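Working notes, structure below.
The values are calculated or read from the model by the stated rules, or taken from the named source; none is laboratory data. Remember, it's a predicted structure, so these values are computed and weren't measured experimentally. Ideal geometry is used to build each Cβ from the backbone, glycine not excepted, and the neighbour counts take in all protein chains shown.
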Amino acid sequence: MKAIELYKKCLEVWPESIETRYRLVAAYINYGMLEKGRERSQDWKMSAKKEIRELEKSLGWRKSRLRWLRGFRPGRVSLGERRYWASWLRHRRPGCRFGRSKRKLFLRAVRVMKKYLEAVDDSSECPLASMNKFMTEKRWVPGAGWMAHYNAACFYSHMIKRGDAHVEACVEQALIHLGKVVRNPLSEPNRLWTEVDPSLDPLRSHPKGREFMKIYMGRNED
């Protein structure tokens, strides 16, 4: 809850900050999914969905380009603002033309978050089956981006906490997606954050998860 309040205050200072709004959505999901019984509450889901809609608008091509063009206004030229919004539009690495701009990277990650909430809400279909189907669609290959796979790993980690017959399947899928993050040469995960990210707590508590963190993330054994 403290994280949610912190990010809200940050957005009051700069409402256009995409990174802050993205972290706010993640904070809502952690708040709702990591507390037993709270996953059924609609309050945090409604707030998260509202912020996701705002993120999708902000990450649209037209919106991003208009914000970049603001830096060229006569008499109000802002080189810093121009560079910031240009960073969302240009390709992150030379020669990478598919799904590699910062804007597309975040947009795909946000869509996984959106599916995350839909899968939890949909009582007609198993959440695992719903996410599995979503993450194996052709449009996700090969340009999903490391952030999308990281969010998918967080989803399966949260599902481990349900403690049903699908625990081992959740662990396997979480490790598959984390493996894609580790093996992606364009990925930029923060190793220290991976060690403390509350979304991954259920995975780290599993023997396979602990072993993965030790080998690939350099995490020391407790």
Starting from segment 159-176, keep only residues that are at pLDDT 90 or above, then list their pairs with residues that are loosely packed, with under 15 Cβ neighbours inside 10 Å and not hydrophobic (A, V, I, L, M, F, W, C) whose Cβ atoms are within a distance under 6 Å, requiring at least 6 positions of separation or different chains.
VAL171/LYS208
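Is at least one residue of segment 144-158 modelled with pLDDT under 80, out of contact with any helix residue (DSSP H, G or I) (no Cβ under 8 Å at 6 or more places or on another chain) and not β-branched (Val, Ile, Thr)? Full working, then the answer.
Residues of segment 144-158 modelled with pLDDT under 80: 144.
If we keep only those that are out of contact with any helix residue (DSSP H, G or I) (no Cβ under 8 Å at 6 or more places or on another chain) too, we end up with none.
No; the residues of segment 144-158 include none that is modelled with pLDDT under 80, out of contact with any helix residue (DSSP H, G or I) (no Cβ under 8 Å at 6 or more places or on another chain) and not β-branched (Val, Ile, Thr).
In the set GLY99, GLY80, which member is at pLDDT below 75 and surrounded by fewer than 22 Cβ atoms within 10 Å (Cβ to Cβ)?
Working: GLY80 fails: at pLDDT below 75.
Exactly one of GLY99, GLY80 is at pLDDT below 75 and surrounded by fewer than 22 Cβ atoms within 10 Å (Cβ to Cβ), namely GLY99.
For segment 172-215, which residues satisfy the criterion of being of a type in the set (Gly, Ala, Ser) and part of a helix (DSSP H, G or I)? Quick ask: steps written out before the conclusion?
Residues of segment 172-215 of a type in the set (Gly, Ala, Ser): 174, 179, 187, 199, 205, 209.
Result: ALA174, GLY179, SER199, GLY209.
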